[in-house]
Structures are given as structure tokens and as C-alpha cells.
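I have placed the structure first, in the form of C-alpha cells, so that the comments after it can refer back to it.
Every number in this text was worked out from the coordinates using simple rules, so none of it is lab data. In this text the structure is predicted, and so the values were computed from the model without any measurement. Please note: Cβ atoms are built from the backbone with ideal geometry, for glycine as well, and neighbour counts cover all protein chains shown.
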Amino acid sequence: MKIKEIVDTLEATVYYGEELMDVDIHSACASDMMSDVLAFVKDQALLISGLCNPQVVRTADMMDIRCIALVRGKQPTDDMLAIARQKEIAIISSDYRMYTACGLLYARGLQPGDSKV
Amino acid sequence: MSGLHLEFDVAGNNFVSAGSASDEVKKTLKMLGVDPVAVRKVAIAMYEGEINMVIHAGGGKASVDIDTDKVKIVLADEGPGIPDIALAMKDGYSTAPDAIRDLGFGAGMGLPNMKKYTDEMKIDSTVGVGTTVTMVVNLR
Ligand SMILES: Nc1ncnc2c1ncn2[C@@H]1O[C@H](COP(=O)(O)OP(=O)(O)OP(=O)(O)O)[C@@H](O)[C@H]1O
Ligand SMILES: [Mg+2]
């Protein structure tokens, strides 16, 4: 699924990454705890989070994640956008809550990035 | 080949700069053409350790040695130390206060992640003196 399809599905606002809309995303993970995210590595992933601080972008970068979808209408801070631009990680924001955002993407065929522990 | 040596001061309790040492190391490894899977392992393990120094120990020093066959990361702080290392290594064990949890850390998964992504890991810690974490990721 391309980032632009994720934007459409989540009716999201793009804060950074207009030129990344054609990047292909193969899997997703969702969490507000960064070490939880860092425990499961998959290629070309989307990070869905309700957490909104610079470490979300750092975490995404360490994992080579290409897109962060903030939920519950969270707006990225300038600190976050600065790192995102440098690292070319798209940041989008959706008014949906976490559960709904995940459900919508799952229904559209986006795979989970982890397996059962 | 003689390796590359990098050193960083990691500022305590600065949540914006936290992770910048790991970022530098990741960039350097990428530039050197190191296998992306190994780069990611180093990046994640060092980032977890760097964050631990920031939130649990008031900062510290990171030193990284890059050789053709391995990357060695040493994270040394003069924080409170870890009283029970075996307990700290357990999945889900955390002493992080709620304020840290609100920032997205404190799941008690950092040390287990560091162990998982590295080939060798050793923790030396003395209560009241500090903690040194040494990690090695093999490149071949
Ligand atoms: N450098 C350190 N100095 C002092 N205590 C530490 C240090 N690193 C880890 N600890 C202790 O070990 C515990 C477990 O660390 P770990 O990284 O696994 O989890 P966490 O940092 O609490 O949460 P997470 O890493 O999931 O965000 C910490 O809560 C803390 O008590
Ligand atoms: Mg930790």
C-alpha cells in the first residue's frame, strides 16, 4: 500500500512528505511505547502512534520506518518535523482513534509488522 | 584495518537531543556501506542504551569502535546504578516513573531489546557509582 492510500484511508492531513506519497508500505505496527515498537523489526513499515514527541521520529528512523501516522488528531511539533525532513520520514495525522485507524488499515490489507509473541 | 573510533557526550534529561549519538553512528555505518540489517541492529541497541542513560542515569558517555568484522558500543554513566541486573533484564521490568511513561518509555523492554539485537552484551553496574553497558554486533 502506498503512503497516499494510507492518507486516504485515514482521512489524514500530511504534515511532511508530499514527495513520499508513492513509497510502498508493506507492514504496520501501532504503539505508544517506543521500546515496544523497537522489539519488532520489519521492512518498509508504518508506525501508528498516539505519542507525539521527537523520540517517535527517532524511533522510526532507527527502524528505517518511512511513515508515521499520528492518531487522535495529534499535531507534530516543530522538533518532530525537523527530524522528519532530515530523515525523509512522512508524518501524517488522523482524527481517528488508534483502534479505528488500525482496523481501517487492516481491512484494506495492510499486514501487521509482528507475529504472535 | 585499523578501526574508526567515535565518542559522544550524552546529555541527561534532554529529551530532544536524546538519540543523536545513535543517529550519528547509524549515519556513519550507512556511509561505510555496512549491511543495512547490521546497521539497524546497532542503531536500535545503541538507541535503547542511549535513552536509558538519558532517563535513568542523567546522561553519560558513548564510545563506539567500528571494525571490518564488528561494531563495539560502550555506554558509561555515573548514574544510580542497577541493584539487580538479572531483574532489570526481565521483559517488562521498569522503574520509570509515570512522567517517563507519558513520553513513550518505561515498557521495560529496552535491555531485552539490546540483548536481542546484539551478539554480545555485558552490564557492569555498582549502586551509587554508575553503569557501563558493553555491546558487540558482528558484521560477518
Ligand atoms: N543506565 C542505567 N542506569 C540506571 N538504571 C538503569 C539503566 N539502564 C536501565 N536501568 C534500570 O533497568 C530498568 C530496565 O531497563 P529497560 O531499558 O529494560 O526498561 P525501561 O528503560 O524502564 O523501559 P523501556 O526501555 O521499555 O522504555 C530500568 O527501568 C532502570 O531501573
Ligand atoms: Mg530503556
### Message
Helix B:36-56 against the longest principal axis of chain B: what's the angle in degrees, Cα atoms only, rounded to the nearest 10?
### Response
30 degrees
### Task
Compute the acute angle (0 to 90°) between the alpha-carbon long axis of helix B:20-31 and the principal axis of greatest extent of the alpha-carbon atoms of chain B; round to the nearest 10°.
20 degrees
### Query
Efficiency by 1/(1 + (r/R0)^6): what FRET value for B:Thr68 and B:Asp102, r their Cβ-Cβ distance, R0 = 41 Å, to the nearest 0.05?
0.45
### Task
Per DSSP H run of at least 4 residues, take -39500 (n - 2.57); add these up for chain A, divide by its residues and hand me the 222 nm value, nearest 500 deg cm²/dmol.
-9500 deg cm²/dmol
### Task
Between A:Arg72 and B:Val127, take the C-beta separation as r, use R0 = 25 Å, and let me know the FRET efficiency to the nearest 0.05.
0.05
## Note on the structure
About its Cα centre, the stretch A:1-70 carries a charge dipole, from +1 on Lys and Arg Cβ atoms and -1 on Asp and Glu Cβ atoms, whose size in debye to the nearest 20 is 180 debye
### Spin-label model distance (nm) - B:Arg140 vs A:Asp43, 7 Å beyond Cα toward Cβ
2.3 nm
#### Entry: Long pairs among B:Lys61/B:Lys115; B:Lys90/B:Lys122; B:Lys27/B:Lys90; A:Lys4/B:Lys115; A:Lys2/A:Lys74; B:Lys41/B:Lys122, criterion Cα-Cα beyond 26 Å
B:Lys27/B:Lys90; A:Lys4/B:Lys115
### Task
Report, in deg cm²/dmol and to the nearest 500, the calculated mean residue ellipticity at 222 nm for chain B, where each DSSP H run with n ≥ 4 adds -39500 (n - 2.57) and the sum is divided by the residue count.
-10000 deg cm²/dmol
### Query
Hey, what do the phi angles of the stretch A:36-51 turn into as Karplus ³J(HN,Hα) couplings, whole Hz, using 6.51/-1.76/1.60 and θ = phi - 60°, x for Gly and Pro?
5, 5, 5, 6, 10, 9, 9, 6, 6, 9, 10, 10, 9, 8, x, 8
### Task
Write down the percent of antiparallel bridges among all DSSP beta bridges whose residues are both part of the protein assembly as shown, to the nearest 5.
70 percent
### Förster radius 45 Å - calculated FRET efficiency between A:Lys2 and B:Leu4 (Cβ-Cβ, nearest 0.05)
0.75
### Whole-angstrom gap from the stretch B:28-43 to the stretch A:71-91, using each part's C-alpha centre
24 Å
### Message
Give me A:Tyr15, A:Tyr96 sorted ascending by neighbouring Cβ count inside 10 Å, so fewest comes first.
### Response
A:Tyr15, A:Tyr96
### Cα centroid of the stretch A:10-26 to Cα centroid of the stretch B:55-122, whole Å
33 Å
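Would you mind ranking B:Val133, B:Val34 by Cβ crowding within 10 Å, fewest neighbours first? Before the final figure, lay out each step's value.
Values: B:Val133 26, B:Val34 18.
Lowest to highest Cβ neighbour count: B:Val34, B:Val133.
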